[in-house]
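To start, the structure under review is shown below, and the notes come after it.
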Amino acid sequence: MRLRERLAILLCLAAAAGCDGKPSAPATTPNTETGPTAREVIDASEAIEKFMNAGRMHEAELVARKLLERAPAGSSAYATANEMMARALFARTQVPDEPITRSERRALIAEAATCADRAASAGAAAGAPDAAKLGFAALLASSSGNAERAKQLFDQAVAIAPNDAGNLMQAALAAIGRADLARAKELVAMRKLASPGEAWNAGLDAEIALAESRFDASVEAARAAVAADRERLEFRLLLARTLRKAGRAAEAARGLSALEPAERAKPAIAEQFALALAESGDLRAAAFAWDEARRANLNDPYVRAQSALAFHRAGDTARAAAELAALDAIKGGAEERARIEALLRAEPATK
């Protein structure tokens, strides 16, 4: 059967089933048969794009996996299939309305990193390295915990496109993450030349200052980032982190309290807000900060688990127990409940 016909059948089955079934295991053994034609690869790629644009990530993954199974190792189709597979897997980790467990996310990122590396390496081996593909592979390698491979890929990407502000930013953040601050400073200097005045330049300065425990300098740089782009919540979070590290948790809490309720309910912001409140001595307010996020993210097991932990620390053990019990009805809840219960065993309830 021709691949185009197989894909058509697959798309119909996927749409009918709603992709409730689990995806097949990762394709670890490449196909050695005659691969798909260029037209069939284009058709498959377009189908994957359409599914991703429609938010139907399971279908996108299924089509990408079938294409990858069909493409012979070393072929251009194999490189394209790996690229599309990496994008589909990564996209699955970014869907807010479909929570995945931590272990599932780790597995998806790890497989995406492998596929993206294959795609980027294939282009480099063919004499046509692509900075964007190398940067994407590097980002996934970093996210999967492979710091050394991420460094290699970022270095290749930066060598090809030394003025790419996006890659320079991610490469600098990865360098900070592995405590290579000398390299991070080099990359930030390059970025400032490539994109002078851009807000993330100040943000990266703040991150480096934090890593060097220069807390007052980190606050100043974070304020500059916020002033340069007041719409980006990342910089509000960065400022809150720097203020907390500088021993100014109450100031961090006041800054985040000024955000709209919908913004404070975002898990990343709720976490910083709750930490700032707790470090200011208001454990009850910290619990309600997590509860605000819980109400906006009812199916997020991490948020509910953190809410339970916060109520426990605030002395409301009954509410903490209720939130822990509610985790049993949420996908991924058992994993989060086990994590919190392990913490609670070492952290007796407040009397």
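The values are calculated or read from the model by the stated rules, or taken from the named source; none is laboratory data. Bear in mind the structure is a predicted one, so any value in this text is a computation, not a measurement. Counting neighbours? That spans all protein chains shown, and the Cβs are built from the backbone with ideal geometry, glycine included.
Quick look at the values:
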{"item": "Residues of the stretch 263-322 satisfying the condition of being under 18 Å from residue 343 (Cβ atoms) and of a type in the set (Phe, Trp, Tyr)", "result": "290, 302, 311"}
{"item": "Meets criteria (under 16 Å from residue 268 (Cα atoms) and modelled with pLDDT of 95 or more) for residue 254", "result": "no"}
{"item": "Index of the failed condition, residue 179 passing every other in (1) in a helix (DSSP H, G or I); (2) among the hydrophobic types (A, V, I, L, M, F, W, C); (3) under 28 Å from residue 121 (Cβ atoms)", "result": "(1)"}
{"item": "Qualifying residues in the stretch 326-348 (those that are in a loop (DSSP other than H, G, I, E, B) and more than 27 Å from the chain's Cα centre (by Cα)) - the one surrounded by the fewest Cβ atoms within 10 Å (Cβ to Cβ)", "result": "346"}
{"item": "Yes/no for residue 323 being surrounded by fewer than 21 Cβ atoms within 10 Å (Cβ to Cβ) and either acidic (Asp, Glu) or free of Cβ contacts under 8 Å to residues at least 24 places away in the same chain (or both)", "result": "no"}
{"item": "Residue count for the stretch 65-78, restricted to those that are within 14 Å of residue 121 (Cβ to Cβ) and buried (at least 20 other Cβ atoms within 10 Å of the Cβ)", "result": "1"}
{"item": "Subset of the stretch 111-162 (residues that are assigned to a helix (DSSP H, G or I) and of a type in the set (S, T, N, Q))", "result": "114, 121, 142, 143, 152, 156"}
{"item": "Hits in the stretch 216-249 - residues which are touching a residue at least 24 places away in the same chain (Cβ under 8 Å), within 22 Å of residue 260 (Cβ to Cβ) and among the charged types (D, E, K, R)", "result": "229, 232, 234, 236, 241, 244"}
{"item": "Count of residues meeting criterion [in a helix (DSSP H, G or I) and either modelled with pLDDT under 95 or of a type in the set (Val, Ile, Thr) (or both)] in the stretch 182-216", "result": "2"}
{"item": "Residue that is surrounded by the fewest Cβ atoms within 10 Å (Cβ to Cβ), among those in the stretch 79-108 that are farther than 26 Å from residue 126 by Cβ and of a type in the set (Val, Ile, Thr)", "result": "95"}
